[in-house]
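A short write-up of the structure that comes next.
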């Protein structure tokens, strides 16, 4: 009975959290633009025909000759930020965007588009926002984020939640920036987690759920029994190979 209660205590999230109102200490990080980002940049104005030239790159990709080829019935391709932190924008040419926030780029484009369009409105979204969820979850994999914000628990939900073998108190989060990487272990049972700097994820984050001792021990047992099973199987094959040819049907 005591062992059962002890095991149960290792399963729930947010242990000790009761009905309460809490203050959000860490706001979601404001996304900045990085090399290799694919940006969906949509321009709207009073005359959609005039905005067409600026929206076309969302649905076209450069051909080998350098011209644009329209791809129909395909997902949005978007504007690519190259290795110099620059994107190529129709009529404006090269725009240095590395390190900008989305709102900064939005303001910049709206101001410069005023030369060509009346009352332009700019909408920007990151297309290659992905997070990886690995280890003891129901569906490990790489998951796209449809908007520019996702929490740790939303990501675990995408992967079908932890299996019964996943350690709730030892979840590894790996975060990589342009200059450094951070590895941090999280306790999903800690009620303070929702106020931590790691509650909101960033593009490229990797979550790894480590297995508990039950899974580790069961794996060890399988590995220990495997040679015995193979030995028995090989002996049975040899036995059958020796006996079967001597069996005669009368």
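Key figures for this structure:
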read-out	value
Verdict on residue 160 being at pLDDT 95 or above, touching a strand residue (DSSP E or B) at 6+ places or on another chain (Cβ under 8 Å) and farther than 16 Å from residue 130 by Cα	yes
Subset tally (residues that are part of a strand (DSSP E or B) and over 15 Å from the mean Cα position of the chain (by Cα)) for segment 172-184	4
Segment 168-186, subset in contact (Cβ under 8 Å) with a residue 24 or more places away in the chain and out of contact with any helix residue (DSSP H, G or I) (no Cβ under 9 Å at 6 or more places or on another chain), residue surrounded by the most Cβ atoms within 10 Å (Cβ to Cβ)	168
Hey, residue 157 crowded, with 17+ Cβ neighbours inside 10 Å and within 23 Å of residue 13 (Cβ to Cβ) or not	no
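The values are calculated or read from the model by the stated rules, or taken from the named source; none is laboratory data. Because the structure is a prediction, the values reported are computed rather than measured. Don't worry about glycine lacking a Cβ; one is built from the backbone with ideal geometry, like all the others, and counts go over all protein chains shown.
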